[in-house]
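What follows is a short report on a single structure.
Read-outs throughout are calculated quantities, based only on the coordinates presented, and are distinct from any laboratory measurement. Given the structure is predicted, the values throughout are model-derived calculations rather than measurements. Cβ coordinates were reconstructed from backbone atoms using ideal geometry, including for glycine residues, and neighbour counts include every protein chain displayed.
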Amino acid sequence: MAPDALRPCAAQPLDGTLVIKLGYRGGGFSGIAEQPGQRTVGMELRHALETSLRRPVQMELAGRTDAGVHALGQYVSVPVTTAELALRGSRLVSSLVALTPDDISVCGIFRADPGFSARFDAVRRHYRYHIACGSMRPVMAWEHAWWLRTIAALDVAAMERAAACLVGEHDFRSFCKARSAQLIKDDGRSTCRFLERVGVAQVTGVFEPLVAIDVCGNAFLHNMVRIIVGSLVEVGCGRRDPQWLIDALEARDRRAAGPTAPARGLVLMGVDYPTDALVPWE
């Protein structure tokens, strides 16, 4: 007998929103956005949702992550019907877990009002980037850290001073993929963004020392966090002065900032929403 999460409910009005909190290991995906002929997180989730609900679904993502980027707190919103709102949360979670592969984790589901958008209702997004230094290849952190094998240690204090230059509202055009920045300009949109925090610290991963860079802001440009990380590493290696980040911002030119750090070290840690916007789906 099919579980209640599999009962069809076509041609009914969409009266609420299902919000799914996802985690995934990004190494096996070509990003989260659906792409023809590519394995993506969005493709796998759509298959699971449409099989569970027995109808086509419309999904909206809190943030797009590129190929190789991981997540512990990605959010996806899906409009649902009154009948679907009556489904038991535990059965729906069980169905989604059974239908998704091992590199995706359904961390929780929530109810939200009709019209809720995981993307546009987000207040802030939190990212973390991990770096491993030294000649010893990281073991447990291998899949989620950038290994700087020729660098014994980074100057974390200098990186913190440089990071402080990025906090606040700035035009981050220099920290955006050049082609994407041009498209934004052609559309008449702004490359200004507000960062609440950029922190650098030495942490211990799973038994291994790492440098963690935390970036929190309202929204991000294409490759923005990874370019920030690449620029901070230039400072941490002693190749650039911390004040160089100010010059890079003012240049509004991708060539003025540092390299784009590899995708594997980046994790979308979480997304904040207004208080009471999400209600746990029991």
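Would you point out which residue out of 187, 155 is over 16 Å from residue 254 (Cβ atoms), of a type in the set (Asp, Glu) and in contact with a helix residue (DSSP H, G or I) (Cβ under 8 Å, 6 or more places away or on another chain)?
Going through 187, 155 in turn, the sole match is 155.
Report yes if some residue within segment 202-210 is buried (at least 17 other Cβ atoms within 10 Å of the Cβ) and under 16 Å from residue 175 (Cβ atoms); otherwise report no.
No, the conditions are met nowhere in segment 202-210.
Return the pair list, or none, for Cβ contacts closer than 9 Å from residues in segment 42-68 that are within 15 Å of residue 106 (Cα to Cα) to residues that are in a helix (DSSP H, G or I) and hydroxyl-bearing (Ser, Thr, Tyr), at least 6 apart or on different chains.
Pairs found: 48/95; 52/95.
Can you report the number of residues in segment 90-124 which are surrounded by fewer than 18 Cβ atoms within 10 Å (Cβ to Cβ), assigned to a loop (DSSP other than H, G, I, E, B) and under 21 Å from the mean Cα position of the chain (by Cα)?
Here the count works out to 7.
Looking at (1) surrounded by fewer than 22 Cβ atoms within 10 Å (Cβ to Cβ); (2) in contact with a helix residue (DSSP H, G or I) (Cβ under 6 Å, 6 or more places away or on another chain), find the lone condition where residue 58 falls short.
Result: residue 58 fails condition (2) only.
Residues 155, 171: which one is touching a strand residue (DSSP E or B) at 6+ places or on another chain (Cβ under 9 Å), surrounded by 14 or more Cβ atoms within 10 Å (Cβ to Cβ) and at negative phi?
171
Among 142, 146, which is under 21 Å from the mean Cα position of the chain (by Cα) and exposed (fewer than 14 other Cβ atoms within 10 Å of the Cβ)?
Result: 142 is the single residue among 142, 146 that is under 21 Å from the mean Cα position of the chain (by Cα) and exposed (fewer than 14 other Cβ atoms within 10 Å of the Cβ).
Quickly run through segment 125-151 and pick out the residues that are closer than 14 Å to residue 213 by Cα and assigned to a loop (DSSP other than H, G, I, E, B).
145
On the basis of being touching a residue at least 24 places away in the same chain (Cβ under 8 Å) and either over 21 Å from the mean Cα position of the chain (by Cα) or closer than 14 Å to residue 145 by Cα (or both), does residue 248 make the cut?
yes
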